[in-house]
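As structure tokens, the structure follows; a few thoughts come after it.
The values are calculated or read from the model by the stated rules, or taken from the named source; none is laboratory data. These figures come from a predicted structure and were not determined experimentally. Neighbour counts run over all protein chains shown; Cβ positions are idealised from the backbone, glycine included.
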Amino acid sequence: MMNTPLRIGICGLGTVGQAVVRLLREEGDTLARRAPRPLEISALGMRAPKPGFDPGTLPVHTDVLAVARDPAVDVVVELMGGTDDAKTLVELALAEGKAVVTANKALLSEHGDALFAAATAKGVPLAFEAAVAGGIPIIKALREGLAGNRIEWLAGIINGTSNFILTEMASAGRAFEDVLKEAQALGYAEADPTFDVEGIDAAHKLSLLASMAFGVPIASAKVFSEGLARVTPEDFRYAEAFGYRIKPLALARRRDAGLELRVHPALVPADALFAQVNGVQNAVMVGGHAVGPTLYVGAGAGGDATASAVVADLMDLARSTLGAMPPLAYRAEAQGSAPALPSAAFQAPAYLRILAEDAPGVLAQVATLISAQGINIEALMQKAQDSVAVDGITYVPIVLLTRTAEEAAIDRAIAALESLPAVRGSVLRLRVESFGA
Ligand code: HSE
């Protein structure tokens, strides 16, 4: 005899929602054999018909809140995005005692602590595998596979759109805007793509990972983020000449003084694992005290990859393997409100590109200002063929790598360099990270 189905209400039928419906329709019989209860879509929540999407005989609610109230729904899948209506829906679903599955990293990053508290109070799971790194089961890895570990650090490429853009700019020399349009057409980008290119989406995801990894409330996992906009085609060339690639990196590291949480484009050694992760692929490395470094790689965005993660959560619910625990509860050594460190306290080597007058003594001035901050230069490059003439003055980029330095010292060096009469415009700083090298 077949057990009662897990009845699913899906709200939001965009790229991911449609892919979830497709996966459940196509694989329903197989999935039913893998779990004690079959997965059954019992309602859809969509305000208006979606061109090209046929709901068939499935009941459709044009008021998505009706899905949360529908007695024929056991679990509400929130795939609408945004933080307003989605919050109302998730709060209502939890208040109704229904389990919730969401892919909404912005919602959880902003309101997660309260939503997980509400879920715990009701004793229902709030599952979010699809919210971080698309199809990669990184939440499951932190929650289950690495449950025996103290997590020391994690680093990742966790925004597919940014990785796609940087990969295409580096390999095909394509223009930023052109690649972004393609990422949107492929369904990788957020509704507001500035979330992708300014590091906001990756910061949302990193706050969730940091909460799980270090046992801190999501609200205290404040992530520093910097976007891709200032990276130019010449930076890929210089990075390559130094033996590096430029990747959109997210990093969380436990230090004695607090947590270092940052998202920014970074130079990674060309032979590092992260340097081989291209296009929409994501990768996360997690360092556990017992297991050492571990690596997870896969498609980080797109309908089918994200649907894979949504269905994984649904299967966990069907198998009753998900409890109602908030992310921070997964690390018993919870650090309470361990402070997120300000960027001035970060420690990393830096890549600096300085457009300076091509004249005797200028390089010496630049080196003097950098050494005055106690910063050691690792490598330096200046190519006459890259010089430009402005108002009759010839300028040439001085590009250098420093050894590891505190970011406050780098900030002071940059300010001093920018006030040199021989330096034109602002200095570009990228950080260098060698995880997995
Ligand atoms: N816009 C996101 C990305 C989707 O590009 O990674 C997956 O969260």
The correct count of residues that are of a type in the set (D, E, K, R) and in a loop (DSSP other than H, G, I, E, B) in the range 362-385 is 1
Looking at this structure, is residue 123 over 23 Å from the mean Cα position of the chain (by Cα), surrounded by fewer than 24 Cβ atoms within 10 Å (Cβ to Cβ), at pLDDT below 95 and more than 16 Å from the ligand (Cβ to nearest atom)? yes
Note on the range 25-47: residues modelled with pLDDT of 95 or more and aliphatic (A, V, I, L, M) are 31, 39, 41, 43, 44, 46
Filter the range 98-107 down to the residues that are in contact (Cβ under 8 Å) with a residue 60 or more places away in the chain and within 12 Å of the ligand (Cβ to nearest atom), then identify the one that is farthest from residue 206 (Cα to Cα). 103
Which one of the conditions (1) at pLDDT 95 or above; (2) over 12 Å from the mean Cα position of the chain (by Cα); (3) over 29 Å from residue 426 (Cβ atoms) does residue 213 fail to meet, given that it meets all the rest? (1)
State which residue pairs qualify: first residue on the phi < 0 side of the Ramachandran plot and outside the structural domain of residue 237 (by TED's automatic domain parsing) and inside the range 353-365, second residue crowded, with 17+ Cβ neighbours inside 10 Å and assigned to a helix (DSSP H, G or I) in any location, beta carbons under 8 Å apart, and separation of 6 or more residues or different chains. 353/235; 353/238; 354/366; 354/417; 356/362; 356/363; 356/366
Within the range 138-168, count every residue that is within 13 Å of the ligand (Cβ to nearest atom) and either part of a strand (DSSP E or B) or aliphatic (A, V, I, L, M) (or both). 7
So residue 135 fits all but one of (1) more than 23 Å from residue 226 (Cα to Cα); (2) within 16 Å of the ligand (Cβ to nearest atom); (3) in a helix (DSSP H, G or I); what number is the exception? (3)
Residue 175 - would you say it is hydrophobic (A, V, I, L, M, F, W, C), away from the ligand (no atom under 12 Å from the Cβ) and surrounded by fewer than 21 Cβ atoms within 10 Å (Cβ to Cβ)? yes
Listed residues 144, 152, 129; which is surrounded by fewer than 18 Cβ atoms within 10 Å (Cβ to Cβ) and either in contact (Cβ under 8 Å) with a residue 40 or more places away in the chain or within 11 Å of the chain's Cα centre (by Cα) (or both)? 152
Look at residue 344 and say whether it is in contact with a helix residue (DSSP H, G or I) (Cβ under 6 Å, 6 or more places away or on another chain), assigned to a strand (DSSP E or B) and in contact (Cβ under 8 Å) with a residue 24 or more places away in the chain. no
Among the residues of the range 97-134, write down those that are closer than 22 Å to residue 195 by Cα and of a type outside the set (A, V, I, L, M). 102, 104, 105, 109, 110, 111, 112, 113, 128, 129, 134
For a quick check of your reading of the model, give me the residue pairs whose first member lies in the range 199-227 and is on the phi > 0 side of the Ramachandran plot, whose second is away from the ligand (no atom under 16 Å from the Cβ) and modelled with pLDDT of 95 or more, with beta-carbon atoms closer than 7 Å and at least 6 apart or on different chains. 199/226
Please enumerate the residues belonging to the range 182-198 that are in contact with a Leu (Cβ under 9 Å, 6 or more places away or on another chain) and either within 11 Å of the ligand (Cβ to nearest atom) or not in a loop (DSSP other than H, G, I, E, B) (or both). 189, 193, 196, 197
Within the range 195-246, how many residues turn out to be within 20 Å of residue 355 (Cβ to Cβ) and of a type in the set (Lys, Arg)? 2
Looking only at the range 181-196, filter to residues that are buried (at least 23 other Cβ atoms within 10 Å of the Cβ) and of a type outside the set (Ser, Thr, Tyr); which one of those is nearest to residue 134 (Cα to Cα)? 189
